[in-house]
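Written below as structure tokens is the structure these notes are about.
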Amino acid sequence: MRPSSIGFLLAVVLTTGANIALATQQPESLIPFDKLDAAARARVRQVVPGYTLYRNIRRPGLTVHARYDIFEYLMSHLGQSSIVAQSLKIADYRMERQPDGSYFADDHKGAAGYLRPLRVAPGERLFFCEGADKEAAQQSGRAILLFHYRELQPGVLKCDLHGFVKVDGAMQRFCAVLFLPFIAGAVDRDLFEVVDEPMRVAEEATAHPAKVLKLMDSLPPEDAAKLKEFRALLARPETKS
């Protein structure tokens with residue numbers, strides 16, 4: 001997962017800007033405000049109302065072929081997912097879990113961002129994202145991501161992803177209106193990357209558990225220790241809730 005995707009802050013994302021006239025989705029119809037604590041609601045209010053852009057991401061990759069318990073675990077342990085993803089060469093670098101429960105990633109090329117889980121419930125995740133890209137004229141922004149998933153049949157999960165994005169800088173929002181029709185697909189791709197990594201890890205772990213177990217056994221002791229619980233889950237049959 002790219003840090004720029006976490007914060008939606010690469011130039012291609014930030015130039016999506018002020019789609020204010022088209023951003024008609026009501027956040028209250030999607031975001032479960034009544035189930036959030038005060039701190040989580042405050043984070044959401046940094047983006048909505050007043051968000052720049054709403055997207056309902058529709059991509060073929062939002063159907064996941066994986067064990068439900070593996071996918072649910074990885075969505076709750078994104079740092080562990082990132083370790084496995086890097087080992088599988090799905091990602092170039094990692095998200096690191098911070099003491100406050102957020103995740104941080106830095107591509108060491110100027111882009112860095114935080115991903116903060118605001119709500120963790122079976123089949124649902126709500127994230128607050130923020131970041132900056134120093135290589136893109138010090139661009140920065142924040143977003144709220146709402147992610148739902150459910151099991152259609154054993155081993156097949158259907159996912160739904162909504163994003164509310166708030167781009168910092170009036171000039172960027174103004175200019176972006178001109179380019180939005182041309183880059184909407186790129187915006188959706190970058191939003192999607194926030195959840196793409198655990199999806200791909202879950203599919204690989206489900207399809208080739210022996211390969212992933214062997215890979216985890218070859219990791220440095222510090223990484224292997226972090227994956228002890230996930231390794232035990234992968235080594236046993238699926239557990240149903």
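Per-residue answers, yes or no, for (1) part of a helix (DSSP H, G or I); (2) at pLDDT 90 or above; (3) of a type in the set (S, T, N, Q):
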| residue | (1), (2), (3) |
| --- | --- |
| Leu22 | no, no, no |
| Ala39 | yes, yes, no |
| Arg43 | yes, yes, no |
| Gly50 | no, no, no |
| Tyr54 | no, no, no |
| Gly61 | yes, no, no |
| Ile70 | yes, yes, no |
| Ala85 | yes, yes, no |
| Asp92 | no, no, no |
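Close contacts from region 220-236, counting a first residue that is more than 16 Å from Glu72 (Cβ to Cβ) and a second that is loosely packed, with under 12 Cβ neighbours inside 10 Å, with Cβ to Cβ under 8 Å and a gap of 6+ residues or different chains, come to Ala224/Asp217.
The set of residues from region 200-231 being small (Gly, Ala, Ser) and under 23 Å from Glu151 (Cα atoms) comprises Ala202, Ala205, Ala207. The single condition among (1) under 20 Å from His65 (Cβ atoms); (2) within 15 Å of the chain's Cα centre (by Cα); (3) modelled with pLDDT under 80 that Asp160 does not meet is (3). Would you check if there is a residue in region 131-145 being under 13 Å from the mean Cα position of the chain (by Cα), surrounded by fewer than 20 Cβ atoms within 10 Å (Cβ to Cβ) and either at pLDDT 75 or above or in a strand (DSSP E or B) (or both)? No - not one qualifying residue is present in region 131-145. No other residue among Ala66, Ala121 is over 13 Å from the mean Cα position of the chain (by Cα), under 30 Å from Asp37 (Cα atoms), at pLDDT 85 or above and among the hydrophobic types (A, V, I, L, M, F, W, C) apart from Ala121. Residues that are over 22 Å from the mean Cα position of the chain (by Cα) and of a type in the set (S, T, N, Q) were ranked within region 196-241; the one that is surrounded by the fewest Cβ atoms within 10 Å (Cβ to Cβ) is Ser241. A Cβ distance below 8 Å, combined with a sequence gap of six or more or placement on separate chains, defines the contacts here; from region 41-62, residues that are more than 15 Å from Gln26 (Cβ to Cβ) and among the small types (Gly, Ala, Ser) reach residues that are in a helix (DSSP H, G or I) and modelled with pLDDT of 80 or more in the pairs Gly61/Asp196; Gly61/Met199.
The values are calculated or read from the model by the stated rules, or taken from the named source; none is laboratory data. Everything numeric in this text was worked out from a predicted model, so none of it was measured. Glycine gets a Cβ as well: all are built from the backbone with ideal geometry, and neighbour counts include every protein chain shown.
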